[in-house]
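What follows is one structure encoded as structure tokens, with my remarks underneath.
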Amino acid sequence: MNPPLDRSIFGLESYIHFQYRFDEFSALAVLCVLYTIPTFFVLLKMIHVYIKSKKHQTMRSLNPEVFRQFLIMQVLCLCHVVTKFTASRFPQTGLITAWCAAEKPQLVLKIVIYANYMIIYSKYVAMILFCGLRVALMHSINFQQKTIRWFPMLTMVLIPCAFCLALPRLLAPTTCAQLGRPFPFGSVIIMTFIEREARYRPIPTIIDVIVQPITLISILLLNGLMLVKIHRINFVRKLTQQKSKSASETVLTTTMILIILPVVLNTIACCYECFGDFHYLIYLIRPFSIDAQSHVITCYFYFTHPVFRPSNSKTVFVKASSMML
């Protein structure tokens, strides 16, 4: 019988002598690695387009600062996929179980957990800033230059602050813990050790409970402001410009909406873990929510936005005379 999730496997003989075997969870981990590779190359292509267009100042259908903020957000989302592999997906296969039980590698595990939460909080900041930048530009057409100056500064300040939010994870005890059914014996997860019977919630848990809902509420409010503004805007442009702008606006609007669902799922999972019993179904569903933030949003943006369409390269890349949304 598997021990509960809040029990460490450190020093337990049955885990020290555990023998790894390739199973369906190992196959799932390999599959996740394979479908992550195309997203990596798509993101590289998008970064190349941004650098090229920024250098020549030749982007018309997408505001360069919105594009930059989108890339920061998606790079962090992809980094979260990577840190999630090290913190849970690979440990779930049983690859590190015997080593973890025998060596009790506290320092290594702390670094893994810190990196994971550092990226999580940074990603949430980047999401809010991306949505906030677009809404700010939509609501302040006459002050775009001033608005755009503020957001790079906010990015440089708030993302390091997000690193600091994860510091309690580096200071807290960390362990490998056995997952329950449907995971087999030897399938573990790297986590901050939390005593379920403790009288007070530890600081890392309190931070998580605060950050997750704030992120969700912020993104929902920003999406609401965006939708209200869209209904009020009356675009008057030439026919060709109208089509290009409509396509660009549709992609940006859909991108902001797509951000919501994974954040909702992550917030529900966080609150359920903090205030209720651990539900192992979360550890099957939650990683795919993280994947959706990275893979689905990146690929949707790349394959639908006019700026990446070769056939439109002559009309999309013209010298900009004003800041466009």
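What follows draws every value from the coordinates through simple rules; no lab data is involved. Predicted model, so just to flag it, every value in this text is computed and none were measured. Please note: Cβ atoms are built from the backbone with ideal geometry, for glycine as well, and neighbour counts cover all protein chains shown.
Cβ crowding within 10 Å, taken as a proxy for footprinting-reagent exposure, orders Ile203, Ile159 from fewest neighbours to most as Ile203, Ile159.
Here is the link list: Lys123/Lys229; Lys55/Lys229; Lys52/Lys123; Lys54/Lys123. Which ones come out longer than 29 Å on Cα distance?
Lys55/Lys229
By the count of other C-beta atoms within 10 Å, a proxy for reagent exposure, Met138, Met118, Met153 are ordered fewest to most as Met153, Met138, Met118.
Using Cα-Cα distances under 8 Å and only pairs 6 or more residues apart, what relative contact order does segment 8-119 have, in percent? In percent, rounded to a whole number, it is 52. One chain, two ends: Gln106 and Ile51. Fully extended at 0.36 nm per residue, the span grows by 15.7 nm beyond their Cα-Cα distance. First measure r as the distance between the Cβ atoms of Val33 and Tyr300, then evaluate 1/(1 + (r/R0)^6) with R0 = 25 Å and state the FRET efficiency to the nearest 0.05. The calculated FRET efficiency here is 0.75.
Could you line up Met73, Met256 from fewest to most neighbouring Cβ atoms inside 10 Å?
Ordered by Cβ neighbours within 10 Å, fewest first: Met256, Met73.
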